[in-house]
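Report on one structure; see the data block that follows.
The values are calculated or read from the model by the stated rules, or taken from the named source; none is laboratory data. Remember, predicted model here, so these are calculated numbers, not experimental data. Here the Cβ positions follow ideal geometry from the backbone for every residue, glycine too, while neighbour counts run over all protein chains shown.
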Amino acid sequence: MSEENSETLFTVIIAGLKPGADKAKVADGIARIVKNLDAGKTLKRLESLPWTMTRKASRKNAGRLIKYLGKLNCDVEVIPPFEIPAIADVAETQILPGTALLSETQIMSSTQFMPVPDELSKQGSTQTSSGALSKSGPEPSSLDREPERQPEDVSLEPLTLGGILDKTFQICRANLWKLLAIAAIPWLITGLITVALAIVVGIIGLTVHNITNMSITMLVVAGVLIIPSAIVFFIAMFYLAQGAMIHAVSSTYLGRKINIKESYGFVFDRLGKFVLTSLLFTLMIFLATAMISVAGTGFYFLFKIVTPSGWWSAVTWIPLFCVLIYLIIKFVLFDKVIIIEDVAYMGALRRSWSLLTGKAEGGWPRSYWGRLVVLLNLFALISFTIAWLFQMPASLVAALFPLSQLAKTVLTQVLSNLGSLFGQVFGAVCLVIFYYDVRNRKEGFDLEMLAKMDEY
Amino acid sequence: MKKNVKMVTIETPDHLELQFQLAGIGVRFIAFLIDKAIQIGTILGIVLFFSILLFFTGQMAQFVEFLAKAKKGVWQWLIAIGFLFYGIVMIGYFLLFEYFWSGSTPGKRYQEIRVIRKDARPISFFDSAVRNILRFVDILAEVYPLGLIVMFLDSQNRRLGDLAAGTIVISEREARSPAVLDVASAASSADPELQTAVAAMTAEDYRIVSKFLSRREELDTEHRLRLASEISKRILLRNGQEKIGADPEHFLEIMETLYRERTRIL
């Protein structure tokens, strides 16, 4: 985001007039700088102070206006505090800072965060724990005629399911290439390694050392060393990519820029925890599957006793299968918990479980778990569309052009992998936004961020 | 027309600037799914209705016999009628609803979105016809591949039908007002400490307080208590006070009411 977009905007209020100020002169002076307002109207307006002159002044314009109004003998107040100490001013004038600055609708409107440049955050606002965030400036006015600046909208507040998908598309659209690059890195590296290995084994092994003459023991040792190492390496790469994606999406959601190197670097420190917790998750699901299978088998024998055929027990398998799905979905957020909150192992699984327990206000479905199920189904539909977008051209080319079988396979495979890559990015973004949405709803994460902001 | 990702400002011929929030792709996708479900339900309902009608009038056997003995030409006619019926339901549904419901359909209404012309006027029958006939191109194979890609690439989330008809889809979702509280008693209104505290409150503080109060039922207990304390602390710190009362949530309720009252007075 450009610095221009992230400038803090100031509200300038005439809180009162200094003793001895000539109202007529003040009115005349103000009328000179306000469009569509003559001295008469200004004089009338001065009878009911405070008067919000502008709600969207740049630092420079606010400074000019304060100086000008000061010369006219006006008591001026500016929000966020700008040279005038806020507390002292409030105590002296007894005017509510910010009072009546926002219309009812504006007050009710969504919480907006606007990243601010460092120098501004030092002067007025402070950075929050989760990044360079600052509250937005006050609302627009008729006085300040600077060209409208559209900050990147970093809105942290509860969303509907449609809102989550909207946000997903927004983030994907704004950061598509970076997110694709993050997702593609392990594919590229594994591809390169595979090609390199093929060259090494194929050319060097067959020609220089003649691999066919190697003893079985040597081949087994090589296999034992290479295959597990390769598996571990590939797993680590894909976990790195998944974690980097979560970190990148989290950054952009909180209004920061995505940095591919930083994302990978950040996850690298948590890779061990991430892989081990994933193994724990897999183990738990495996255990749950085993228990459900045992229960299913038990039902089979039970039904065999009470009914003519044990296959009637199939009616119990569907609920058992649903239980398994329920368990898997309850743990789906564990990877976000590890990367974003740095909570690992059972803690991450418990946290995912607790986040997905309870009911959301408004909308359908109400339970967090149900919302996630619907969201996953919507995501599946969109992923299907994305996959179709890539596979259809491949099928058309294969059908219309006389290509060799190898070329057809390569084309189909490449486009299919591209489709998966897009789907992977979309899914990762969608789930991170869902994760934050749950936190906003259950924990008031957005409110917490706002409350921690210090305006002094 | 000025534009950015979410908002669109339309300048009317009499130089009025109207600002709308664009409907996102996700919301539109869900609206479409709802409409699709209604359409499929309608078709199934009609088929079921006629089946039941045939069954109860005792004509079912004759109808099945007729189909079994029907010649190839009759079958072709039946298929053509079937396709026509499907097309009428698929296009007619959107066309009629959008025309008579000012750019809305049941799905769109549920998602609080609406189609308008890009000059902010309501869509005409012709606009609706163009955007919905082109839906067949957007919706190849019923999965919306072209529509999705065009919407993704267009800054105003328009699909081919929208581009051709000169329409946009806007969101009509209004910010929900927090429930208005009225807890400040005469005694608390007169309390000078509370008056000082509310005098120091900014609009941003009020926004946080009102948001907290409107959403507190959804928060879990631990975070609810912590947030109430943090927000109270934020307000009290403006007057250099650090001591938070026993019930910060009640304090926030009073602050909310007092701030609103004072705002109204000013």
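Look through region A:344-361, keep the residues that are at the interface with chain B (Cβ under 9 Å from one of its Cβ atoms) and touching a residue at least 24 places away in the same chain (Cβ under 8 Å), and return whichever of them is farthest from A:V275 (Cα to Cα).
The qualifying residue farthest from A:V275 (Cα to Cα) is A:E361.
Counting only residues that are touching a Lys or Arg at 6+ places or on another chain (Cβ under 7 Å) and more than 7 Å from every other protein chain (Cβ to nearest Cβ), how many does region B:202-244 have?
Residues meeting the conditions: 4.
Filter region A:395-416 for residues that are surrounded by 14 or more Cβ atoms within 10 Å (Cβ to Cβ) and more than 21 Å from B:L153 (Cβ to Cβ); which is nearest to the chain's Cα centre (by Cα)?
A:S416
Would you mind telling me which numbered condition in (1) part of a helix (DSSP H, G or I); (2) at pLDDT below 80; (3) more than 14 Å from chain B (Cβ to nearest Cβ) A:V26 fails?
Result: A:V26 passes all but (2).
Within region A:438-451, is there a residue that is within 20 Å of B:G147 (Cα to Cα) and either within 17 Å of the chain's Cα centre (by Cα) or within 12 Å of chain B (Cβ to nearest Cβ) (or both)?
No; the residues of region A:438-451 include none that is within 20 Å of B:G147 (Cα to Cα) and either within 17 Å of the chain's Cα centre (by Cα) or within 12 Å of chain B (Cβ to nearest Cβ) (or both).
Please indicate, with yes or no, whether at least one residue in region B:166-187 is assigned to a helix (DSSP H, G or I) and modelled with pLDDT under 90.
Yes, there is a match, as at least one residue in region B:166-187 is assigned to a helix (DSSP H, G or I) and modelled with pLDDT under 90.
Does A:I226 satisfy being outside any helix (DSSP H, G or I), of a type outside the set (S, T, Y) and over 30 Å from A:G363 (Cα atoms)?
When the stated conditions are applied, A:I226 does not pass them.
Do we have any residue at all in region B:15-29 that's within 28 Å of B:F97 (Cα to Cα) and in contact with a Lys or Arg (Cβ under 7 Å, 6 or more places away or on another chain)?
Yes, the conditions are met somewhere in region B:15-29.
What are the pairs with Cβ atoms under 6 angstrom where one residue, in region B:60-81, is free of Cβ contacts under 8 Å to residues at least 24 places away in the same chain and the other, located anywhere, is assigned to a helix (DSSP H, G or I)? Sequence gap at least six, or different chains.
Pairs found: B:M60/B:L54; B:F63/B:L54.
What are the residues in region A:285-312 that are among the small types (G, A, S) and touching a residue at least 12 places away in the same chain (Cβ under 8 Å), if any?
A:A288, A:A295, A:G296
Tell me, yes or no, whether region B:142-150 has at least one residue that is closer than 23 Å to B:M7 by Cα and surrounded by fewer than 16 Cβ atoms within 10 Å (Cβ to Cβ).
The answer is no; no qualifying residue exists.
Tell me, which helices (runs of 4 or more DSSP H) wholly within region A:248-349 include 2 or more residues that are farther than 30 Å from A:F233 by Cα?
Once the helices (runs of 4 or more DSSP H) in region A:248-349 are filtered for at least 2 residues that are farther than 30 Å from A:F233 by Cα, what remains is A:271-306, A:314-330.
For region B:192-266, which helices (runs of 4 or more DSSP H) that fit wholly inside it have 1 or more residues that are in contact (Cβ under 8 Å) with a residue 60 or more places away in the chain?
The helices (runs of 4 or more DSSP H) meeting that bar are B:192-200, B:248-265.
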